[in-house]
Structures are given as C-alpha cells and as structure tokens.
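Structure first, commentary second.
Nothing in this text is a laboratory measurement; each read-out follows from the coordinates by a stated rule. Treat the numbers as computed from the prediction; the structure is a model and nothing was measured. Reconstructed Cβ throughout: ideal geometry from the backbone, glycine too, with neighbour counts over all protein chains shown.
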Amino acid sequence: MPLSLKQMKKIIAFAGSNSKNSINKQLALYAVSFLEDIEATVLDLNNFELPIYSIDYENEQGIPKNAYKFLEYIKNSDGIILSLAEHNGAYTAAFKNSFDWMSRIDGKLWNDKPMLLMATSPGGRGGATVLEIAKGRFPYMGGNIKAEFLLPNFYDNFKGRNIVDEKVNNRFRETVTAFKKSI
C-alpha cells in the first residue's frame with residue numbers, strides 16, 4: 001500500500017560546500033536517488049548566504065534570517081543527508097559559517113535527527129579528516145549519526161552520476177539503506 005503524503009518521511013540533503021559544481025552535492029544527490037517513499041529536499045548553501053560570523057555583528061544586527069531558515073529545514077525534517085567537503089583538513093568556510101550561525105540559535109542544531117554523514121574528495125583519503133572532525137563534534141550539537149560513508153578519488157570512482165566500482169557501490173547502497181531504516 002503506497003504511503004500517503006502525511007505518512008511520508010521528509011529528509012533534507014546538502015553538501016557542506018558552496019561550490020556550484022560540488023562533488024559532495026553530487027554524492028548527496030546520489031544517496032537521495034535510493035530513497036523511495038521519502039520526500040527529499042536538496043538544499044544549497046548558496047541559497048542561504050550569511051555574513052561571516054562575529055559576536056559584534058550578532059550584537060549589532062542580530063542573527064540573519066537565512067540562519068533561521070536553514071535551521072527550520074533541519075527541524076522540520078525526519079533525517080539529514082550531509083556530504084562534507086574538506087578544505088585544508090577541515091570544514092569549508094561556508095559550511096562552518098552556517099554551522100556557527102545556526103548554533104547561536106540552537107546549540108543542539110541537529111535536533112537529534114538521524115544523519116547520513118558522508119565525504120568525498122579528489123584525493124585518496126576521500127575527506128576522512130573532515131568526517132572524523134564532524135563525527136567527534138556533531139553529537140555534542142544534537143547530531144545523531146546513523147550511517148557514514150567515504151568516497152576517495154571521486155573523479156575515478158564516480159562517473160555518469162554513479163559509483164563505478166560495484167563493491168563500493170554496494171557498500172554505499174547498504175549505508176543508505178541503514179540510514180533509511182533509522183528514520
């Protein structure tokens with residue numbers, strides 16, 4: 001029996017990058033493609049531009065509306081797919097800035113939503129460092145990481161909107177399935 005819209009789970013998916021051609025967004029979209037009977041909203045950090053966080057700005061002008069808007073998407077979801085880009089071994093400036101602003105509204109900004117946390121990069125470590133940072137930090141911020149996935153050497157392993165190595169693709173599908181069961 002098909003699910004009605006009222007029963008359908010809602011997830012948000014996004015990349016921790018503001019690149020227009022983000023490989024992490026491509027990976028997040030690929031994950032979404034395996035989620036049947038789930039309403040997915042794909043977000044883009046570029047649609048939620050924010051000034052660089054500073055306490056002076058917050059005290060003088062308050063928290064920008066885009067931080068509230070993004071946080072509402074999190075709160076209104078049943079789960080989160082996030083694929084983190086890695087810049088110099090850490091979060092991108094755009095993601096960290098969004099994260100900082102939202103944490104000023106709600107210190108537990110992830111709201112205990114089940115998360116599929118991923119990373120990819122052109123290199124052989126696939127964003128392993130940023131994924132480890134997030135796994136260590138997000139639980140303190142209400143993160144409920146249910147599944148994780150790393151894809152190294154993106155340009156070798158992802159072609160035509162697919163992971164080309166069958167073993168890696170099967171592991172990816174199992175990871176997405178585990179996430180889906182958690183929401």
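The modelled label-to-label distance for the pair Val168/Ala128, using points 7 Å beyond Cα in the direction of Cβ, is 1.4 nm. The Cα center of segment 12-48 and the Cα center of segment 134-183 differ in position by 13 Å.
Taking every DSSP beta bridge that has both ends in segment 9-182, the antiparallel portion is near 10%.
Is the shape of segment 72-132 best called rounded, prolate or oblate, per the rule: a/c under 1.5 gives rounded, else a/b larger than b/c gives prolate, else oblate, with a ≥ b ≥ c the square roots of the Cα gyration tensor eigenvalues?
Numbers: a/c = 2.87, a/b = 1.62, b/c = 1.77.
It comes out oblate by the Cα gyration axes.
Using a simple spin-label model with pseudo-atoms 7 Å out from Cα toward Cβ, Asn111 and Asn47 lie 1.7 nm apart. A straight Cα-to-Cα reach below 20 Å connects Lys180 with the aspartates and glutamates Glu36, Asp37, Glu39, Asp78, Asp112, Glu148, residues fewer than 8 places away in its own chain not being considered. Each principal axis of the chain carries a Cα extent, and these read 53, 44, 28 Å when sorted largest first.
Counting other C-beta atoms within 10 Å, which of Asp78, Asp56, Asp37 has the fewest, and how do the rest follow? Intermediate values should be presented prior to the final figure.
Details: Asp78 15, Asp56 7, Asp37 10.
Neighbour counts put them in this order, fewest first: Asp56, Asp37, Asp78.
Going highest first, how would you order 99-111, 155-167 by mean Cβ packing within 10 Å? Working shown, then result.
On the way: 99-111: 17.5, 155-167: 12.2.
Ranked from most to least packed, the peptides come out as 99-111, 155-167.
Based on DSSP H segments of at least four residues, each scored -39500 (n - 2.57), the chain has a per-residue ellipticity at 222 nm of -11500 deg cm²/dmol.
Considering only Asn144, Asn170, Asn66, the mean-square fluctuation computed in a Gaussian network model of the chain, springs between alpha carbons under 10 angstrom, is largest for Asn170. By the count of neighbouring beta-carbon atoms within 10 Å, fewest first, Glu86, Glu132 end up ordered Glu132, Glu86.
In segment 1-61, which chymotrypsin sites (Phe, Trp or Tyr not before Pro) fall in coil by DSSP and have 16 or fewer other Cβ atoms within 10 Å?
Numbers: sites: Phe14, Tyr30, Phe34, Phe48, Tyr53, Tyr57; in loops: Phe34, Tyr53.
In loop regions of segment 1-61 (DSSP not H, G, I, E or B), the sparsely surrounded chymotrypsin sites (Phe, Trp or Tyr not before Pro) are Phe34.
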